[in-house]
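The values are calculated or read from the model by the stated rules, or taken from the named source; none is laboratory data. Not measured: the values here are computed from a predicted model. Cβ atoms come from the backbone with ideal geometry, glycine included; neighbour counts cover every protein chain shown.
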Amino acid sequence: MSDAGPRRIGVSIDLKPHAYDPVTNPELFDGVLARRLVAFLIDFVIICLPVLMIAVLMVAATIATLGIAAIFFAVLSPLYWPLIVIWAICYYGMTLGGPKSATVGMRVMDIEMRTWYGSPSYFVLGAVHAVMFWLTVSFLTPLILLVGFFNQRRRLLHDMLVGTIVINSPARAHAMRRPETQRPAAP
């Protein structure tokens, strides 16, 4: 074996092209940003409901036991916020990593998340996507959401960082397809 050539280390990088082209398939991206906003609000309510219910139960238990339960809750209170974060990450990971690649809010709004090369999402990608969203919005202000207005695929900053894209669901995209692009069935 000659040492004159470049050495291979056993890693191959397979660069994949973007699966969704906004020029040839504009119906995949039409109205996605507005639908994402409404989907986020629906998901925010879904995440907050159990959290609020637990808080109400804690207050009710404290009142019912004349304050004795407050001692128990004071011991458990350091776990409350970390459990909320774990709940939110699991919610996004399980729903985005599920067979529909969409949260409940996204399903209601007929949008779904895919990798930039077209494959469905998975648990870790969904969880990381949620974490990156909250980090970018927290540190860079919500103005970073304006990034979606300046690219054809309507990707937001956290989508670009994680390598995902949000598109209309295939059923919605098919319904939105222009009549001149729909082909008649073969006789």
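Out of (1) under 21 Å from the mean Cα position of the chain (by Cα); (2) modelled with pLDDT under 85, what's the single condition that is false for Met1?
Tallying (1) under 21 Å from the mean Cα position of the chain (by Cα); (2) modelled with pLDDT under 85, Met1 fails exactly one: (1).
Limited to the range 87-100, what total is found for residues that are assigned to a helix (DSSP H, G or I) and among the small types (Gly, Ala, Ser)?
Qualifying residue count for the region: 2.
Given the options Phe133, Phe139, name the one that is at pLDDT 90 or above, closer than 28 Å to Ala88 by Cβ and out of contact with any strand residue (DSSP E or B) (no Cβ under 7 Å at 6 or more places or on another chain).
Only one candidate passes the filter, namely Phe133.
Could you check how many residues of the range 120-138 are within 17 Å of Ile47 (Cβ to Cβ) and outside any helix (DSSP H, G or I)?
Looking only at that region, the number is 0.
Out of the residues in the range 148-187 meeting the condition of being over 18 Å from Ala19 (Cα atoms) and touching a His at 6+ places or on another chain (Cβ under 9 Å), tell me which one is modelled with the highest pLDDT.
If we take residues in the range 148-187 being over 18 Å from Ala19 (Cα atoms) and touching a His at 6+ places or on another chain (Cβ under 9 Å), then His158 is modelled with the highest pLDDT.
Residues checked against (1) under 31 Å from the mean Cα position of the chain (by Cα); (2) modelled with pLDDT of 95 or more:
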{"position": "Asp30", "(1), (2)": "yes, no"}
{"position": "Ile42", "(1), (2)": "yes, yes"}
{"position": "Val45", "(1), (2)": "yes, yes"}
{"position": "Met58", "(1), (2)": "yes, no"}
{"position": "Ala70", "(1), (2)": "no, no"}
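Looking at the range 101-119, which of its residues are over 12 Å from the mean Cα position of the chain (by Cα) and not in a helix (DSSP H, G or I)?
Listed by number, the residues that qualify are Met109, Asp110, Trp116, Tyr117, Gly118, Ser119.
State the number of residues belonging to the range 26-57 that are under 24 Å from Arg155 (Cα atoms), in a helix (DSSP H, G or I) and of a type in the set (Gly, Ala, Ser).
2
Can you tell me which residues in the range 58-84 are assigned to a helix (DSSP H, G or I) and surrounded by 12 or more Cβ atoms within 10 Å (Cβ to Cβ)?
Met58, Val59, Ala61, Thr62, Ala69, Ala70, Phe72, Phe73, Tyr80, Leu83, Ile84
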